[in-house]
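A short write-up of the structure that comes next.
The values are calculated or read from the model by the stated rules, or taken from the named source; none is laboratory data. For clarity, every value in this text was computed on a predicted model and none was experimentally measured. Backbone-built Cβ (ideal geometry, glycine too); neighbour counts: all protein chains shown.
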Number of protein chains: 2
Amino acid sequence: MSGTNGPGGTNLDPWYGQYAERTSGLAASEVRALFAVASRPEVVSLAGGMPYVTALPKDLIKASFERVLSTRGDVALQYGSGQGSPALRERILEVMAEEGIRASADDVVTTTGSQQAIDLVAKLFLDPGDVVLAEAPSYVGAIGVFRSYQARTVHVATDANGLVPEALREAIRAERSAGRTIKFLYTVPDFHNPAGVTLAAERRPEIVDICREAGVLIVEDNPYGLLWFENPPPPPLRTLNPEGVVYLGSFSKTLAPGFRVGWALAPHAVREKLVLAAESAILSPSAFSQLVVTEYLSTADWRGQIAIFRGVYQERRDAMLTGLGEHLPELSWTVPNGGFYVWVSLPPELDAKQMLPRAVSELVAYTPGTAFFADGSGADHLRLSFCHPTPDNIRLGIRRLAGVIGGELDLLSTFSGTGPLHAPRHDRRFSSPPPDIG
Amino acid sequence: MSGTNGPGGTNLDPWYGQYAERTSGLAASEVRALFAVASRPEVVSLAGGMPYVTALPKDLIKASFERVLSTRGDVALQYGSGQGSPALRERILEVMAEEGIRASADDVVTTTGSQQAIDLVAKLFLDPGDVVLAEAPSYVGAIGVFRSYQARTVHVATDANGLVPEALREAIRAERSAGRTIKFLYTVPDFHNPAGVTLAAERRPEIVDICREAGVLIVEDNPYGLLWFENPPPPPLRTLNPEGVVYLGSFSKTLAPGFRVGWALAPHAVREKLVLAAESAILSPSAFSQLVVTEYLSTADWRGQIAIFRGVYQERRDAMLTGLGEHLPELSWTVPNGGFYVWVSLPPELDAKQMLPRAVSELVAYTPGTAFFADGSGADHLRLSFCHPTPDNIRLGIRRLAGVIGGELDLLSTFSGTGPLHAPRHDRRFSSPPPDIG
């Protein structure tokens, strides 16, 4: 609109000039309009992070719901505790025990999805100008939260084995030398979004020790940890230093996002403040959602259901890696052993954001790498999600994507005189696929 | 605990000193521990604001749920739009039309209860040091939100007809003379929480004009508007100036709080920012809750159900006013024509907060007036809720309360030598009950 007048509003906005300073960090995603187009059924979307809830038997949910309503209807319909349902918090301990975490239900806060947990932790810790350390790349939704509290996300180099300890040490040193205040490290150690990599077992104690020595809190976001393929990931960072880690979990990927139930497990004093912040934000999380999830966890074979999800996603991961190997062998990408995402490196002359409109017109969508950096970098990467489309559609989508990339390179070579495709290029930061899959 | 070391944490907290400045405004309610005791079944609680969900037929909810799961299960279990379900936003227009509001569904954002709407509006507008104008007294949950953004709540005098226009004019003048920035007026015009009063029809255009002329946004919080007794309240402020009002609504009182579904209706440019803030906070509200509420509104006689709630609460309001007139005729109180609350003035020598432990030991609970002021005043008032206990329990609770107040006054007279009870005192700010009820 021609009336745009800065990030705080437009001159068509009667309240322009009244907004808080932090709203300058609230910007609509540049690719939002495109994603509206990409949701058309004829487009193969490799862009979203929507789990495949179709694999969840609806009768399990229905049975849980009916028991809740017949036995605890008045509780389900009422306000609840700001900290979340005690019965659900007990069940959450069982879920975390699958990953090796031992904790007290008193240190758990249930939240409206783990996104709210990120928001509440940020609200508790971040003053304007503070620094959050995070992987390069990092989860787009977390970067947005940190920006909304006027904090600065500083990316730390990441390779096929996750966060690089030496780079973390250096980032802490550099930020402090520059007089800046680091509030926490935000990390997704398992099946990273968007990078698809997992922090190696041998790096985990080193990362924890670096943070402990430097007095830097770790916020460990682990929505995908139980969705492993070949082998489970190493134990969470939280197991190595319970007092130094706020651990975030979610039922959005292991059950369904529609309930909006996530949680934070925090050192006790932090947990107390999280509850106060949560009460201020929403009074209490949905009792209705929490009781249905509790009933599901109490009566259904939720471990078996997670195993079903693992199989679904592993098949899709394989379809994606096979498709990439067949149709885009000149590129490199990460090989996730769980989760939802593959991170693809483009030839440096391509720009994933500029290429997206053409991809959508060719009926395939992805997320440009720029979404995952606070500083606008990442145009030479894109994130592909294998969670929602069927394996056939994933293959179709990759074929279309190969056509788009090939076309872009042809176009560039027409104008620059270089060859149409580049020799295979290996991204030093990320692994290329092993021969048996790629 | 002896280790308390200031509002930011304790010296038992390894992260003490790391919290954001705004956490100094995050304090646990002083009466929280008492309310845990007050939730014992033998205590008559006139303290909470829990609606009487037992009056809601569970089969209506069950039928809505089953239809959602059988026809739109994958949508209900999935992530949804950050702005909220379009079908629900259309239904919300019908609910608001009951109050005379005409609007576009595009200007509605559904939220995790209207508490989240308050939080998001505060996040959008409030910089540290900004001023929010609000009734004296005001909703405790809103005061807490404003504090959490380091804003200052300035109370404006309120009488039996609601906010006093002249006092609003004077507050705007005084705050601006002092060089402070007023960001909005937060007001609950209908069946005020905690004051129980309703902004008179003739004052509404005056309040709107004062704010329009002064360039002050109005945040109109209206969770109780449809729960009127004798007559509906005058039309909302939003009908008088759509561009100058952010209107907040909720299903917590007209349906059930357990779904955590509320909404904001905002001027278009504000609405755009609210959606961005909501996405940052929770990605999207619960699709599951939203679809069940939509189905309920589409198929159940929700207007008839609200009429049932009106009857339930009116009977309870009558029981409370009758009890007050019989057992505490020397006090004065407001007479609500809807909603959940009666605001009681105590003799000035009593302190509602100091008296609460004794009341709880006598098996009755209330909320001290101090909860509803940002500045610690209000000790000479208490809020009584008639929403949740049965009429018999309300009468029992009032009898117990009269015993507590009488005992406190006897005790004071023993030490001061004055009479045991004071002559009836009329609170100039609030109406005493009319003869036919009180």
Can you tell which of B:276, B:248, B:297 is of a type in the set (A, V, I, L, M, F, W, C) and crowded, with 24+ Cβ neighbours inside 10 Å? B:248
If the Cβ limit is 7 Å and pairs must be 6+ apart or interchain, which residue in the stretch A:251-279 that is facing chain B (nearest Cβ under 9 Å) pairs with which residue that is outside any loop (DSSP other than H, G, I, E, B) and of a type in the set (Phe, Trp, Tyr)? A:255/A:296; A:258/B:288; A:259/B:288
Going by the structure shown, is residue A:99 away from chain B (no Cβ under 14 Å), in contact (Cβ under 8 Å) with a residue 40 or more places away in the chain and more than 29 Å from residue A:375 (Cα to Cα)? yes
Conditions (1) crowded, with 24+ Cβ neighbours inside 10 Å; (2) in contact with a Phe, Trp or Tyr (Cβ under 7 Å, 6 or more places away or on another chain); (3) touching a residue at least 60 places away in the same chain (Cβ under 8 Å): number failed by residue A:113: (2)
Report, by residue number, each residue of the stretch B:80-91 that is away from chain A (no Cβ under 12 Å) and farther than 13 Å from residue B:271 by Cβ. B:86, B:87, B:88, B:90, B:91
In the stretch A:1-24, which residues are in a loop (DSSP other than H, G, I, E, B) and modelled with pLDDT under 50? A:1, A:2, A:3, A:5, A:6, A:7, A:8, A:9
Among the residues that make up the stretch B:191-212, is at least one of them buried (at least 18 other Cβ atoms within 10 Å of the Cβ), in contact with a Lys or Arg (Cβ under 8 Å, 6 or more places away or on another chain) and assigned to a strand (DSSP E or B)? no
Scan the helices (runs of 4 or more DSSP H) fully inside the stretch B:25-109 and keep the ones with 1 or more residues being modelled with pLDDT of 95 or more and under 23 Å from the mean Cα position of the chain (by Cα). B:86-97
Among the residues of the stretch B:107-116 satisfying the criterion of being more than 9 Å from every other protein chain (Cβ to nearest Cβ) and hydroxyl-bearing (Ser, Thr, Tyr), which is nearest to residue B:270 (Cα to Cα)? B:110
Quick check, is residue B:77 crowded, with 20+ Cβ neighbours inside 10 Å, within 14 Å of chain A (Cβ to nearest Cβ), in contact (Cβ under 8 Å) with a residue 24 or more places away in the chain and touching a Ser or Thr at 6+ places or on another chain (Cβ under 8 Å)? no
Among the residues that make up the stretch A:217-235, is at least one of them assigned to a helix (DSSP H, G or I) and more than 24 Å from residue B:25 (Cα to Cα)? no
Candidate set: the stretch B:198-226, residues that are in contact with a Phe, Trp or Tyr (Cβ under 7 Å, 6 or more places away or on another chain) and of a type in the set (Val, Ile, Thr); chosen: the one farthest from residue B:251 (Cα to Cα): B:216
Pairs where the first residue, in the stretch B:342-369, is on the phi > 0 side of the Ramachandran plot and the second is in a loop (DSSP other than H, G, I, E, B) and not β-branched (Val, Ile, Thr), C-beta under 8 Å, 6+ apart: B:363/B:42
Test residue B:222 against the stated conditions and say whether it is within 14 Å of chain A (Cβ to nearest Cβ), in contact with a Gly (Cβ under 8 Å, 6 or more places away or on another chain) and in contact (Cβ under 8 Å) with a residue 60 or more places away in the chain. no
If you check A:380, A:375, A:392, which single one turns out to be farther than 12 Å from residue A:45 by Cα and in contact with a Pro (Cβ under 6 Å, 6 or more places away or on another chain)? A:380
Of all residues being polar (S, T, N, Q) and out of contact with any strand residue (DSSP E or B) (no Cβ under 7 Å at 6 or more places or on another chain) in the stretch B:64-109, which is farthest from residue A:259 (Cα to Cα)? Just the residue, please. B:104
Just one listed residue, out of B:119, B:127, is acidic (Asp, Glu), within 11 Å of chain A (Cβ to nearest Cβ) and touching a residue at least 60 places away in the same chain (Cβ under 8 Å), and it is B:119
Across the stretch A:154-170, which residue is surrounded by the fewest Cβ atoms within 10 Å (Cβ to Cβ) among those that are touching a strand residue (DSSP E or B) at 6+ places or on another chain (Cβ under 7 Å) and outside any strand (DSSP E or B)? A:167
So, residue B:173, is that one surrounded by fewer than 19 Cβ atoms within 10 Å (Cβ to Cβ) and among the basic types (Lys, Arg) or not? yes
When you scan the stretch B:236-250, how many residues do you find that are part of a helix (DSSP H, G or I) and touching a residue at least 40 places away in the same chain (Cβ under 8 Å)? 4
Residues being acidic (Asp, Glu) and facing chain B (nearest Cβ under 9 Å): count how many of those fall in the stretch A:130-156. 1
